[in-house]
Amino acid sequence: MKRRLSVLTLLSLGLAAQAGALSLNGTVQGEVTPDTRLGGWAVTPFGQPVQELVSAPVTGGRFSLALPDAAPPVRAQVPVDDRLSWPGLIDLTRVSAPAQAAELKFYLYRDTNGSGSHDEGEPLREVRLNVGRGGVFVVWASAATTVTGSRDYQAALESGWNALVVDVRNTVRVQPYTPQTTVQIDLGR
């Protein structure tokens with residue numbers, strides 16, 4: 001009986017992990033060509049693209065990106081601290097547990113050769129994913145940790161990919177992105 005319970009527990013944990021895959025669904029406001037793709041790139045702490053980890057076509061002004069379960073390349077990982085460009089964070093005051101982290105930024109490009117991924121010679125245009133007045137910040141963490149800072153800043157990260165909606169006003173409101181939320185890219189900004 002114990003063995004059966006363990007197998008059922010493992011099976012349910014596996015299904016929960018599959019259900020937890022992070023997907024970003026949204027729209028692009030503005031003119032795009034039929035060969036336009038949206039790519040998610042692991043970046044350096046200075047925001048320079050290192051490697052495209054995921055991409056999807058923009059069809060009829062819509063896209064859906066399913067982030068991979070795999071960790072980003074080591075060269076994009078840094079300790080979870082102020083080396084990442086945490087949006088809205090002015091003064092880092094505490095990290096609850098040591099962890100490595102990597103930021104994912106988003107770029108539109110024309111897939112001129114139809115390869116389904118970015119190739120040399122296809123210019124990248126950095127874009128911001130928005131939810132209402134907040135911006136979407138996507139970060140990978142090697143372990144669960146919480147980042148806190150001044151102005152009530154608090155970002156709880158789980159191990160793996162995290163998407164946060166950050167709204168910066170008098171205080172900074174950080175909340176988890178939910179898959180039911182539609183993100184928007186406004187090319188007019």
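In the chain, carbon and sulfur make up what percent of the accessible area (probe 1.4 Å)?
That share works out to 52 percent.
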Relative contact order as a percentage, segment 89-189, C-alpha pairs under 8 Å and 6+ apart, gives 29
Distribution output for segment 99-189: share of Cα-Cα pairs per 5 Å bin in percent, first bin at 0, values 3, 12, 18, 19, 19, 14, 8, 5, 2, 0
Given GluC sites (Glu not before Pro), DSSP loops and at most 16 other Cβ atoms within 10 Å, the longest exposed-site-free stretch of the chain is 32-119
Evaluated at 10 °C and 1.306 mPa s, the Stokes-Einstein D of segment 16-141 based on the Kirkwood radius over Cα pairs, in µm²/s, stands at 101
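The values are calculated or read from the model by the stated rules, or taken from the named source; none is laboratory data. These numbers were taken from a predicted model, which means no experiment stands behind them. Note: ideal-geometry Cβ built from the backbone for every residue, glycine included; neighbour counts use all protein chains shown. Keep in mind that these areas ignore ligands, DNA and RNA; they rest on the heavy atoms of the full protein, side chains included. Shrake-Rupley method; radii C 1.70, N 1.55, O 1.52, S 1.80 Å.
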